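Report on the structure given below.
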Amino acid sequence: MGGWLLALTALLSAYPPIRLSAQQQPLNSGALFLVFPVGATAVGMGQTGIAAHGTSDAAFWNPAGLATLGVAEFTLHTSAINLTRSSVVSAYVPRPGVGVVGGAVYLVDLGDQPRVDSNNVTIGRIASRNLELLGSFATQLSGSFVLGLNYKLIEFRVDCTGDCTGLPNGRGLTHALDIGGQFTVGGNGGEGGVRVGVAVRNVGFKLQVQNADQADALPARFAVGAVYQIAFRSTDGTAGPAGDRVDLRVAADVDSPWGRAGASEMRLGLDVGYRKLVRLRGGFAFVHDGLSGPSVGMGLTSGSIGVDLARTFLTGSDLVVENPTFFSFRVTF
C-alpha cells in the first residue's frame with residue numbers, strides 16, 4: 001500500500017498546486033482514498049471502528065455494525081487533508097424483520113492543477129476526483145451475531161478544460177466489496193460485554209485508468225477490533241438506565257493487508273460520555289502511510305440531532321496540513 005501513498009503524497013505535497021507541462025501526464029492516485037478514515041466519531045477514538053455499532057458510520061469500517069441501528073439516520077461527513085477535501089452523504093433505514101439498508105456517496109476532491117506549455121503559459125486546467133457509491137445491507141443472524149455487506153462502485157477521474165492535447169484517458173472504474181461480522185461476549189445484552197468485529201474491506205478488481213500494465217490494486221485489508229463498555233454507577237449507588245449515567249468505551253483495532261505480506265497496524269481509542277448528551281474522545285493510531293498519530297474529539301447530541309468533531313495530530317507525515325479536522329452531522333428520524 002506504500003506505493004499508493006507515494007502517488008497521492010506526490011500530488012498533495014506540492015503547495016502551491018502542481019503545474020503540469022503539456023507533455024506531462026496527470027498522476028493516478030487510484031483508490032488510495034479508501035484507506036482514509038471517515039467519521040469524526042471513529043477518528044476521535046484513534047481511527048477505531050471495526051467493532052462500532054448502532055450508527056451509520058459503521059458502513060465505512062465494518063458494515064455489520066449497521067445491523068444494530070435502531071432508527072433511520074441521515075449523516076454528513078467532511079474532512080480536509082491538505083488539498084484533498086472529502087464529503088460524504090449517507091442514509092440508512094432499519095427494516096423490521098429484514099435488517100438495515102441504505103447507501104452513501106463519498107466524494108474526494110484532489111484539487112485543480114494548471115497545465116502549462118513550454119513557455120510556462122497556462123493553457124488548461126486539470127481536476128482530479130475520486131467517487132465512491134456505496135450500497136449496504138446488514139442483519140442479525142442468530143443470538144448476538146450480526147453480518148453486514150457493502151458493494152462499492154469506485155471511480156477515479158481526471159477532467160481537463162482548455163488545451164488537453166496529448167493527455168491520456170483520465171477515467172477509471174472498478175467494483176469492490178466489504179464483508180464483516182460482529183458478536184458480543186459476556187455482559188447483559190451488550191452492557192458491560194466485549195463486542196468483537198471482523199471485517200474484510202476493499203476486496204475487488206484493480207482500478208485501471210490508462211492501461212492494464214498501470215492498473216492499481218485496491219488497498220484490501222483484513223481487520224479485527226473490539227469495544228468494551230463500562231457503565232459507571234450513579235451517585236445513589238444504582239446502575240440505572242444506560243442513558244442516565246456516565247459510561248466509558250475502550251476500543252482497539254488491528255488490521256493488515258489482505259492477501260499479501262505487510263506490517264500490521266494498530267489503533268487504540270477511548271470514549272467517555274454523560275447521558276448520551278456529551279462525549280469526549282481520544283486515541284492513537286499506530287499506522288503507516290502518514291496517518292499515524294494521536295487524535296481527540298467530542299460529540300454533542302440534542303434530541304434527534306448530533307454533531308461530532310475530531311482532530312488528528314499526524315506524526316511523520318509528508319502532508320502539508322498535519323492536523324486535519326473531521327466533522328460529522330447526523331439526524332435521526
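Structure data summary
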quantity: Selection within the stretch 99-148 - exposed (fewer than 15 other Cβ atoms within 10 Å of the Cβ), within 26 Å of the chain's Cα centre (by Cα) and under 17 Å from Gln182 (Cα atoms); calculated: Leu141, Phe145
quantity: Residue under evaluation Thr55, criteria (1) out of contact with any Lys or Arg (no Cβ under 9 Å at 6 or more places or on another chain); (2) farther than 22 Å from Pro219 by Cβ; (3) modelled with pLDDT of 80 or more; (4) among the β-branched types (Val, Ile, Thr), criterion not met; calculated: (1)
quantity: Verdict on Ala310 being within 11 Å of Val43 (Cα to Cα) and either modelled with pLDDT under 95 or among the aliphatic types (A, V, I, L, M) (or both); calculated: yes
quantity: Test: residue in the stretch 83-93 that is touching a helix residue (DSSP H, G or I) at 6+ places or on another chain (Cβ under 9 Å) and assigned to a loop (DSSP other than H, G, I, E, B); calculated: yes
quantity: Residue among Pro219, Pro294 that alone is at pLDDT 85 or above, surrounded by fewer than 20 Cβ atoms within 10 Å (Cβ to Cβ) and in contact with a strand residue (DSSP E or B) (Cβ under 7 Å, 6 or more places away or on another chain); calculated: Pro294
quantity: Evaluation of Gly102 against (1) closer than 16 Å to Ala67 by Cα; (2) not in a strand (DSSP E or B) (one fails), failing number; calculated: (2)
quantity: Enumeration of residues in the stretch 129-166 that are polar (S, T, N, Q) and in a strand (DSSP E or B); calculated: Asn130, Ser136, Thr139, Gln140, Ser142, Asn150, Thr161
quantity: Residue match in the stretch 167-179 (condition: part of a strand (DSSP E or B), among the acidic types (Asp, Glu) and either under 18 Å from Val105 (Cα atoms) or modelled with pLDDT under 90 (or both)); calculated: yes
quantity: Condition broken by Val93, with the remaining ones in (1) modelled with pLDDT of 95 or more; (2) within 21 Å of Val200 (Cβ to Cβ) satisfied; calculated: (2)
quantity: The stretch 270-291, subset closer than 17 Å to Asp255 by Cβ and surrounded by fewer than 19 Cβ atoms within 10 Å (Cβ to Cβ), residue modelled with the lowest pLDDT; calculated: His288
quantity: Residue match in the stretch 193-208 (condition: at pLDDT below 95 and over 26 Å from the mean Cα position of the chain (by Cα)); calculated: no
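Here is a yes/no grid of residues against (1) among the basic types (Lys, Arg); (2) buried (at least 21 other Cβ atoms within 10 Å of the Cβ); (3) in contact with an Asp or Glu (Cβ under 8 Å, 6 or more places away or on another chain):
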site	(1), (2), (3)
Asn150	no, yes, yes
Val158	no, yes, no
Thr161	no, no, no
Cys164	no, no, no
Gly181	no, no, no
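The values are calculated or read from the model by the stated rules, or taken from the named source; none is laboratory data. Since this is a predicted model, take the numbers as computed values, not measurements. Positions of Cβ are backbone-derived with ideal geometry, glycine not excepted, and every protein chain shown enters the neighbour counts.
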